[in-house]
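Participant: I have a structure I would like to understand better, so I am pasting it below and will then ask my questions one at a time.
Just so you know, all these numbers are worked out from the coordinates, no wet-lab data involved. Since we're looking at a predicted model, the values are computed, not measured.
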Amino acid sequence: MDYIIKGGDVFDGRSFFKADVALKDGKIDAVGKTDGSAGKVIDASGRVVSPGFIDVHTHCDLAVMDLIGAERASAEESAKNNLCYLRQGVTTVVTGNCGLGESDTAKWLGWARKNNFGAKVIHLVPHGSLRTKLFGGKQMLSSGE
């Protein structure tokens, strides 16, 4: 095993129970009593053990994109932006919400990967930013076609 999280409170959807959680190759390998050795053992006594949460509505990309635009973004600033998510157990964030965010998806995801953004990123194509990039501020009426 790579990790064993020992003695935490695990919730199975109905109730909590004390258990160890063994992780191997980044995945849960076993839940229950573990006797094996691991590269690292984490004492979770008195704590809840859960998989990472997904925050489906964030705007964490907006502040970072301002930094990228100003060419001031760094891995250190990125870590600060994501530390609050990771400390709350959020391991995946959805960006591009409300039609806002970077319309160049490859640029945004490339920057996040390069700078070790912390949380995993799922990016929605931000329709508002894309529309502004394509048409500027021009208001267009829908045609009958």
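Participant: How much length, in nm to one decimal, is gained on full extension between A30 and K133, taken as 0.36 nm per residue of separation minus their Cα-Cα distance?
Facilitator: 32.2 nm
Participant: Just to check, using Stokes-Einstein with a Kirkwood Rh over alpha carbon pairs, what's the diffusion coefficient of the chain at 25 °C and 0.890 mPa s in µm²/s?
Facilitator: 136 µm²/s
Participant: How large is the helix-only mean residue ellipticity at 222 nm for the chain, computed as the sum of -39500 (n - 2.57) over DSSP H runs with n ≥ 4, divided by its residue count, in deg cm²/dmol to the nearest 500?
Facilitator: Calculated from helices alone, the mean residue ellipticity at 222 nm is -8500 deg cm²/dmol.
Participant: Beyond 14 Å, what share of the Cα-Cα pairs of the range 3-49 remains, rounded to the nearest whole percent?
Facilitator: In whole percent, the long-distance tail amounts to 44.
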